[in-house]
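Novice: Dropping the structure in here first, questions after.
The values are calculated or read from the model by the stated rules, or taken from the named source; none is laboratory data. Just so it is clear, the model here is predicted, and its values are computed rather than measured. Using ideal geometry, Cβ is built from the backbone for each residue, glycine included, and neighbour counts are taken over all protein chains shown. These accessible areas exclude ligands, DNA and RNA; they are computed on the full protein's heavy atoms, side chains included. Shrake-Rupley method; radii C 1.70, N 1.55, O 1.52, S 1.80 Å.
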Amino acid sequence: QVRLVESGGGLVQAGGSLRLSCAASGRTVSSKTMGWFRQAPGKEREFVAGISWSGRTTNYADSVKGRFTISRDNAKNAVFLQINSLKPEDTAVYYCAADNTLRSYSGYVSKRIGDYGSWGQGTQVTVSS
């Protein structure tokens, strides 16, 4: 039911920054846990960051802590991922996802792919050396 569209990816030099956006439509995501995942060439999809419906709770993968910041604007039905100090190993397709289950109401931010039911098409982030 929820449609998600990512944007903001591109080609950037190592050490640079990007801000990814996720626009939701079809229904509000203001009561949903939202997450960012990524999939690099030859690797499985992995959790990057998540945020509770209220924004009061966030979770990050260890590899991105201190560099990535997830945020949301429920009035705009949008989620963002600020990426700083980019590394070549950050190169991947980045996906926005929504947890459509009742888990979201508790404020719990899952890192498990299976807990997210709605996905965007992905946006490519390429980091050059």
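Novice: For region 1-110, with all protein chains present and a 1.4 Å probe, just round the carbon and sulfur fraction of the accessible area to a whole percent.
Specialist: Whole-percent figure for carbon plus sulfur exposure: 48.
Novice: Another one. Ordered by packing density, taken as the mean number of other Cβ atoms within 10 Å over each peptide's residues, highest first, how do 77-86, 6-15 rank?
Specialist: Peptide ranking by packing, descending: 77-86, 6-15.
Novice: From the backbone phi of region 65-76, what are the Karplus-calculated ³J(HN,Hα) couplings (6.51 cos²θ - 1.76 cosθ + 1.60, θ = phi - 60°) in whole Hz, Gly and Pro given as x?
Specialist: Computed from phi, the couplings for region 65-76 are 4, x, 10, 9, 9, 9, 8, 8, 10, 5, 5, 9 Hz.
Novice: Can you tell me the relative contact order of region 28-116? Whole percent, Cα pairs under 8 Å, sequence separation 6 or more.
Specialist: Relative contact order comes out at 39 percent.
Novice: With 12 Å as the cut-off, how large is the P(r) tail for region 80-129, expressed as percent of Cα-Cα pairs?
Specialist: That fraction is 71 percent.
Novice: Right, here's the next one. Taking the alpha-carbon distance from LYS32 and a cut-off under 26 Å, which lysines remain once sequence neighbours fewer than 8 residues away in the same chain are dropped?
Specialist: LYS65, LYS76, LYS111
Novice: Further, regarding this structure: Under 13 Å from the 7 Å Cα→Cβ point of LYS87, by amide nitrogen: which residues of region 46-81?
Specialist: Once the point is set 7 Å along Cα→Cβ of LYS87, 61-68 turn out to lie under 13 Å by backbone N, inside region 46-81.
Novice: So, counting K/R as plus one and D/E as minus one, what does the shell of residues with Cβ under 11 Å around TYR60 add up to?
Specialist: Net charge in that neighbourhood comes out at +2.
Novice: Evaluated at 10 °C with a viscosity of 1.306 mPa s, what Stokes-Einstein diffusion coefficient in µm²/s does region 28-100 have when Rh comes from the Kirkwood expression over alpha-carbon pairs?
Specialist: 126
Novice: What does the convex hull of the Cα atoms come to per residue for the chain, in Å³?
Specialist: Per residue, the Cα convex hull of the chain comes to 90 Å³.
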